[in-house]
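Structure, as structure tokens:
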Amino acid sequence: MTEKQTIKNIKKTREAKALNTNIVIIDDHQLFREGVKRILDFEQTFQVVAEGDDGSEAISLVEEYNPDVVIMDINMPQINGVEATKQLIEKHPETKVIILSIHDDENYVQHALQTGASGYLLKEMDADALVEAVKVVADGGSYLHPKVTHNLVNEYRRLSSNGSGATGVAFAPEIRRPLHLLTRRECEVLQLLADGKSNRGIGETLYISEKTVKNHVSNILQKMNVNDRTQAVVTAIKNGWVEVR
């Protein structure tokens, strides 16, 4: 091998490493933590660089390994995930945190997001949801477990119907599809997002591939000028573009 080829290979290796998503996992249950790591290790561009079993370790691990994403359990013995996220974001505001939880109550979700978390997953998630969440959050987006999104939507509907929501506007009884903005297929995908379905669930419902669903979701976010799926659903509800069922 010539010197030129060697230098070229080294450069390719460095570029490949730069494309990796480095991940730190914080969870006090070792078996669960190992299961999460095993799922992530199947993705060639993911690299779990460190693990911890309490929120108190989060800051030191982030400072040592500078990960792209931190996956954090919410219930831990010394410092819980929400408090650890708050401390972490205060010191390292660029850090992206995904909260793992058994709680789907909207109060838990809102509290986690208010402290700076970029994602919220339930521990009943499947492997695809975990991988998708890490990719979305690493790219600068937000990701909520579909069941959590559905609960937040229902809470928004309840508040809007009572006239006590932030907008004080009654929930729109008439559905007006945004055909001026989205295609018919994109309207269908938006409705299924409001129903709390994952990309896989949407694909199975519409008999299209998961890759096609991802393309539709990206187009919807771009056309609606929102950053993530949750914002798209809330905007759609406010405008009466979807049914909440």
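The values are calculated or read from the model by the stated rules, or taken from the named source; none is laboratory data. Note that the coordinates shown come from a computational prediction; the quantities given were computed from them, not determined experimentally. With ideal geometry, Cβ positions are generated from the backbone for all residues, glycine too; neighbour counts draw on all protein chains shown.
So is residue 109 modelled with pLDDT under 90, within 19 Å of the chain's Cα centre (by Cα) and assigned to a helix (DSSP H, G or I) or not? In short, yes.
Quick one: which residue in 129, 138 is of a type in the set (A, V, I, L, M, F, W, C), in contact with a Leu (Cβ under 8 Å, 6 or more places away or on another chain) and modelled with pLDDT of 85 or more?
Numbers: 138 fails: in contact with a Leu (Cβ under 8 Å, 6 or more places away or on another chain).
Unique residue meeting the criteria: 129.
Identify the residue in segment 57-92 that is farther than 22 Å from residue 110 by Cα and polar (S, T, N, Q) and, among all such residues, is surrounded by the most Cβ atoms within 10 Å (Cβ to Cβ). Of everything passing the filter in segment 57-92, 66 is surrounded by the most Cβ atoms within 10 Å (Cβ to Cβ).
Can you name every one of the helices (runs of 4 or more DSSP H) wholly within segment 29-105 that holds 1 or more residues which are touching a His at 6+ places or on another chain (Cβ under 7 Å)? Steps first, please.
Numbers: elements: 30-41, 58-65, 81-91.
Once the helices (runs of 4 or more DSSP H) in segment 29-105 are filtered for at least 1 residues that are touching a His at 6+ places or on another chain (Cβ under 7 Å), what remains is 58-65, 81-91.
Against the criterion of being modelled with pLDDT under 85 and either of a type outside the set (Val, Ile, Thr) or touching a helix residue (DSSP H, G or I) at 6+ places or on another chain (Cβ under 6 Å) (or both), residue 14 qualifies.
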